[in-house]
1. Taking G22 and the conditions (1) free of Cβ contacts under 8 Å to residues at least 60 places away in the same chain; (2) out of contact with any strand residue (DSSP E or B) (no Cβ under 8 Å at 6 or more places or on another chain); (3) surrounded by 11 or more Cβ atoms within 10 Å (Cβ to Cβ), which numbered condition does it fall short on, given that it satisfies the others?
2. Answer yes if at least one residue in the range 71-83 is buried (at least 17 other Cβ atoms within 10 Å of the Cβ) and under 12 Å from the mean Cα position of the chain (by Cα), and no otherwise.
3. On the basis of being part of a helix (DSSP H, G or I), surrounded by 12 or more Cβ atoms within 10 Å (Cβ to Cβ) and not basic (K, R), does L54 make the cut?
4. Check the range 26-34 and report whether any residue there is part of a helix (DSSP H, G or I), out of contact with any helix residue (DSSP H, G or I) (no Cβ under 7 Å at 6 or more places or on another chain) and either buried (at least 17 other Cβ atoms within 10 Å of the Cβ) or without any contact (Cβ under 8 Å) to a residue 12 or more places away in the chain (or both).
5. Does the range 76-83 include one or more residues that are of a type in the set (G, A, S) and free of Cβ contacts under 8 Å to residues at least 24 places away in the same chain?
6. Out of curiosity, is I46 open to solvent by 30 Å² or more (accessible area, probe 1.4 Å) and either part of a helix (DSSP H, G or I) or not small (G, A, S) (or both)?
7. Please specify each residue of the range 1-23 satisfying the condition of being of a type in the set (S, T, Y) and assigned to a helix (DSSP H, G or I).
Amino acid sequence: MSSKKEKIKDLKNMLKDWVDYGEKAKTKDGKNLNIDFVSSAVKGAISRKEISSLELKKMLNEVRAEEVTPYATWEGFEERLKRFNAIKSKLK
């Protein structure tokens, strides 16, 4: 069984991969990563009380700071922001 820190790290990495690569993102075992898979994994972790909603909020802020904000002057910024906003709204 994974520790809480490992679970948070795995979910955060999944969110970062989604924001970074979108539909081209892959899971650890090589499966295609899509927005429904990501949101189901995060919602499942919350419902099983593996993470709290406060930890999710912190995780989303970290993902935004690491995968969206630094790319503000980059040509792919709009796509990253769109993917971030999509996953954020799906998790509400």
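The values are calculated or read from the model by the stated rules, or taken from the named source; none is laboratory data. As the structure is a computational prediction, the values presented were derived from the model and not from experiment. Neighbour counts are summed over all protein chains in view; Cβ atoms, including those assigned to glycine, are modelled from backbone coordinates with ideal geometry. Surface accessibility is based on the protein's heavy atoms, side chains included, excluding ligands, DNA and RNA. Shrake-Rupley method; radii C 1.70, N 1.55, O 1.52, S 1.80 Å.
1. Exception for G22: condition (1).
2. Taking every residue of the range 71-83 in turn, at least one turns out to be buried (at least 17 other Cβ atoms within 10 Å of the Cβ) and under 12 Å from the mean Cα position of the chain (by Cα).
3. no
4. Step one: list which residues in the range 26-34 are part of a helix (DSSP H, G or I), which gives none.
No: the range 26-34 contains no residue that is part of a helix (DSSP H, G or I), out of contact with any helix residue (DSSP H, G or I) (no Cβ under 7 Å at 6 or more places or on another chain) and either buried (at least 17 other Cβ atoms within 10 Å of the Cβ) or without any contact (Cβ under 8 Å) to a residue 12 or more places away in the chain (or both).
5. Yes, the range 76-83 has at least one match.
6. Details: open to solvent by 30 Å² or more (accessible area, probe 1.4 Å): yes; either part of a helix (DSSP H, G or I) or not small (G, A, S) (or both): yes.
Spelling it out, I46 is indeed open to solvent by 30 Å² or more (accessible area, probe 1.4 Å) and either part of a helix (DSSP H, G or I) or not small (G, A, S) (or both).
7. Within the range 1-23, just Y21 meets the criteria.
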